[in-house]
Structure formats: structure tokens, C-alpha cells
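This report concerns only the one structure given below.
The numbers here are math on the coordinates, done by the rules we state, and not lab data. Since this is a predicted model, take the numbers as computed values, not measurements. Note that each Cβ is placed from the backbone with ideal geometry, even for glycine, and that neighbours are counted across all protein chains shown.
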Amino acid sequence: MGQEFKITEKQLIKGLNTGDQQCYKIVFHTYNGWLCNYVCKLSNDMDLSKDLVQNVMLRIWEKKESLKIKTSLKSYLFRACHNEFLMHLRKEKKQLDLLQDLKFETLYHTYVTTEEDQPTSNFIKIEKNIELLPAKCKEVFRLSRFEQKRNKEIAQLLGISSRTVEVHIRKAIRFIKSNVSDC
């Protein structure tokens with residue numbers, strides 16, 4: 001019969017730090033299935049789960065010398081995968097927000113630039129909806145879209161955070177889009 005070789009978690013972590021491929025393979029084969037299932041429960045997408053777990057495993061290999069695991073290896077891996085999933089969600093949300101902004105810009109420029117000298121009825125609708133916005137939201141939106149100021153500049157000018165500026169702009173775009181498309 002073959003001899004079983006037991007390796008402790010401490011030895012695995014040390015092996016990861018020194019770039020021991022055998023330790024890395026053991027960690028990968030031991031935890032990969034569990035981690036994929038965990039992330040899949042969060043995302044409901046097994047392909048995405050496999051990609052995110054793969055990213056975590058790759059990052060562990062790339063940063064092996066600076067890897068500091070203060071909890072159990074299992075806890076560390078699950079936390080790393082959880083954080084990777086959260087980063088994915090943030091990135092996805094940011095892309096969705098950018099896409100919505102782009103759609104609005106396209107809609108706005110389509111209506112505004114159809115006739116340079118004569119405002120179209122849709123342009124007038126947009127202007128009327130801008131006037132219906134709450135004062136601060138309207139001010140932020142005008143500074144952003146008409147005066148072409150950056151969010152950081154607007155934040156400094158109005159004494160609010162950049163995040164608040166983003167929220168006002170997003171709120172204004174949603175309000176205008178929903179009211180103009182209804183007309």
C-alpha cells in the first residue's frame with residue numbers, strides 16, 4: 001500500500017510563499033470546487049464563478065512572496081473569493097452606469113443637434129424636465145452637462161463629495177430619460 005503524506009496548513013502556506021508548485025497544486029485541487037460553489041451561490045453563474053476563483057488563485061501565485069495569511073487558509077481563500085465577487089459587482093455597476101450615461105448623451109445630442117438654430121420639441125421637453133429637478137440636482141447637472149465641468153471640480157465648487165455629484169447626475173439623467181421617453 002502507498003504511504004499517505006500529510007501536510008499541515010502551515011506548511012502549505014509556507015510552500016505558497018516560497019513558490020512551491022506542489023503546494024499550490026494541493027491548495028488548488030483541495031479548495032477549487034468549494035470556492036467555485038461558494039461564488040456560484042453568490043452569482044448564480046458557474047462560468048463567472050470559475051473565472052473569479054481562477055483570478056484569486058492566479059493572484060495568490062503572482063503575489064506569493066508577499067502573501068500574508070493570518071487566518072486559516074480556508075478562511076483566507078473564501079474571503080478573497082468573496083472580495084473578488086464584490087469587485088466584479090462594482091465593476092459591472094460602473095460599466096452599467098457609464099452605459100446609461102452614454103445612452104443619455106446620445107439621446108440628448110440627437111435631439112439637440114438636429115437643428116442648430118431652432119430647438120426641437122424634444123429639446124424643449126428636456127429643458128422643461130431639467131427645470132423640474134431639485135435645485136442642487138439641477139445645478140450639478142447643468143455644471144456637468146452644459147459647462148462641461150468634471151465631477152471633482154463640481155464637488156469642490158459646491159462643497160460636496162464627488163460621490164454626491166455622481167448621484168445627482170445619475171438621478172437627473174434617469175428623471176429626464178423617463179420623462180422625455182414618455183412624451
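For the pair N32 and R142, the difference between a 0.36 nm per residue extended length and the Cα-Cα distance amounts to 34.6 nm. Counting only lysines at least 8 places from K70 when in the same chain, those with an alpha carbon closer than 24 Å to its own are K6, K10, K14, K25. Its Cα gyration tensor gives segment 9-91 an equivalent ellipsoid. The semi-axes, each the square root of 5 times an eigenvalue, are 22, 13, 11 Å from largest down.
Label-to-label distance, L158 versus Q54, with points set 7 angstrom from Cα along the beta-carbon direction: 4.3 nm. Taking other Cβ atoms within 10 Å as a rough exposure proxy, S43, S49, S75 sort from fewest to most as S75, S43, S49. If R0 is 41 Å, the Cβ-Cβ spacing of E65 and Q95 corresponds to a FRET efficiency of close to 0.80.
Taking each residue as 0.36 nm, the span from E127 to R79 lengthens on full extension beyond its C-alpha to C-alpha distance by 12.5 nm.
Taking 0.36 nm per residue of sequence separation and removing the Cα-Cα distance, the K6/T18 pair yields an extension gain of 2.4 nm.
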